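Visitor: The structure is given below, and queries will be raised subsequently.
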Amino acid sequence: MKQGLFITFEGADGTGKTTQIAKVASWLREQGYEVVCTREPGGTKAAERIRELVLDAELAISHKTETLLYLAARADHITQLIRPALQAGKIVLCDRFSDSTFVYQGSGRGVELQTLKMLDDFATSSLHPDLTILLDGEPEELAIRRNARGVVDRFELEGLAFQKKIREAFLALAASEPTRIHVIDALQSEENILDEILTDLQRLLAK
Ligand code: TMP
């Protein structure tokens with residue numbers, strides 16, 4: 001493999017992205033691939049610092065500031081970690097990426113999509129995922145999972161109506177890019193979710 005593969009995982013909080021990424025990574029490593037697991041916001045020293053800032057619910061920041069912080073974190077992540085890994089032929093599994101910006105800052109915060117796409121292109125130098133797995137589930141069910149986990153960040157303080165809007169926006173995005181974005185039911189068993197992801201992945205690896 002000359003150029004690696006870039007696979008992103010998207011979905012509302014509580015859809016089990018992190019668990020699935022770990023399982024997919026071990027499967028890929030068993031097949032002999034070199035894998036890098038990372039997340040957004042974060043993945044590099046600077047981007048993890050930005051993560052602390054942007055997810056701190058006690059800091060009152062504007063939607064513009066929030067958007068630019070996510071994109072600043074992404075620019076560093078791409079330059080320092082994602083692009084070098086892809087150039088070394090590795091498979092990069094990333095927990096959230098540009099689609100989260102289009103959904104949370106676009107549909108969630110009302111920032112114009114055209115502006116977001118332009119800023120995102122600038123931050124990523126137009127690097128797009130080869131495959132995006134969207135883990136989708138009813139917001140009510142996901143809220144039960146989140147409460148069990150006990151973590152509260154800026155978005156987790158938003159109500160159910162906000163989570164429903166986020167879900168609809170993710171599904172609309174998936175419908176507009178069906179070749180790249182694959183929707184998987186997040187409320188089925190972890191084994192079934194993994195099976196579906198691995199089917200998609202095997203198809204991609206066979207190309
Ligand atoms: P996480 O809890 O899945 O790591 O994601 C952190 C939060 O950041 C999550 O609520 C979604 C939000 N987010 C955005 O609003 N915009 C973005 O561009 C990214 C990457 C995440």
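The values are calculated or read from the model by the stated rules, or taken from the named source; none is laboratory data. Keep in mind that this is a model prediction, so the values were computed, not measured. Here the Cβ is made from the backbone with ideal geometry for all residues, glycine too, and neighbour counts use every protein chain on show.
Visitor: Among the listed residues 42, 32, 108, identify the single one that is on the phi > 0 side of the Ramachandran plot and surrounded by fewer than 21 Cβ atoms within 10 Å (Cβ to Cβ).
Guide: 32 is the lone residue from the list that is on the phi > 0 side of the Ramachandran plot and surrounded by fewer than 21 Cβ atoms within 10 Å (Cβ to Cβ).
Visitor: Scan region 60-115 residue by residue and report those that are in contact with a Phe, Trp or Tyr (Cβ under 6 Å, 6 or more places away or on another chain) and farther than 29 Å from residue 29 by Cα.
Guide: Residues satisfying the conditions are 101, 103.
Visitor: Scanning region 1-40 for residues that are of a type in the set (S, T, N, Q), at pLDDT 95 or above and more than 27 Å from residue 164 (Cβ to Cβ), which turns out nearest to the ligand (Cβ to nearest atom)?
Guide: Step by step, filter region 1-40, then rank; the result is 38.
Visitor: Against the definition (surrounded by fewer than 22 Cβ atoms within 10 Å (Cβ to Cβ) and under 23 Å from residue 145 (Cβ atoms)), how does residue 16 come out, yes or no? Write out each step before concluding.
Guide: Numbers: surrounded by fewer than 22 Cβ atoms within 10 Å (Cβ to Cβ): yes; under 23 Å from residue 145 (Cβ atoms): yes.
Considered against the rule, which asks whether it is surrounded by fewer than 22 Cβ atoms within 10 Å (Cβ to Cβ) and under 23 Å from residue 145 (Cβ atoms), residue 16 comes out as yes.
Visitor: Can you tell me which residue among 159, 150 is closer than 21 Å to residue 19 by Cα, at pLDDT below 95 and either exposed (fewer than 14 other Cβ atoms within 10 Å of the Cβ) or in contact with a helix residue (DSSP H, G or I) (Cβ under 6 Å, 6 or more places away or on another chain) (or both)?
Guide: 150
Visitor: More than 13 Å from the ligand (Cβ to nearest atom), touching a residue at least 60 places away in the same chain (Cβ under 8 Å), closer than 25 Å to residue 184 by Cα and among the charged types (D, E, K, R), is that true of residue 130? Even if it seems obvious, please write down each step before you answer.
Guide: Working: more than 13 Å from the ligand (Cβ to nearest atom): yes; touching a residue at least 60 places away in the same chain (Cβ under 8 Å): yes; closer than 25 Å to residue 184 by Cα: yes; among the charged types (D, E, K, R): yes.
The answer is yes for residue 130.
Visitor: For region 53-84, enumerate the residues that are in contact (Cβ under 8 Å) with a residue 60 or more places away in the chain and within 14 Å of residue 8 (Cα to Cα).
Guide: 82
Visitor: Of the residues in region 41-75, how many are within 13 Å of the ligand (Cβ to nearest atom), more than 19 Å from residue 111 (Cα to Cα) and of a type in the set (Asp, Glu)?
Guide: The total comes to 3.
Visitor: Given (1) in contact with a Pro (Cβ under 7 Å, 6 or more places away or on another chain); (2) more than 11 Å from the ligand (Cβ to nearest atom); (3) aliphatic (A, V, I, L, M), identify the lone condition not met by residue 85.
Guide: Unmet condition: (1).
Visitor: Of the residues that make up region 98-119, is at least one without any contact (Cβ under 8 Å) to a residue 40 or more places away in the chain, among the aliphatic types (A, V, I, L, M), within 14 Å of the ligand (Cβ to nearest atom) and in contact with a Gly (Cβ under 9 Å, 6 or more places away or on another chain)?
Guide: Within region 98-119, one or more residues are without any contact (Cβ under 8 Å) to a residue 40 or more places away in the chain, among the aliphatic types (A, V, I, L, M), within 14 Å of the ligand (Cβ to nearest atom) and in contact with a Gly (Cβ under 9 Å, 6 or more places away or on another chain).
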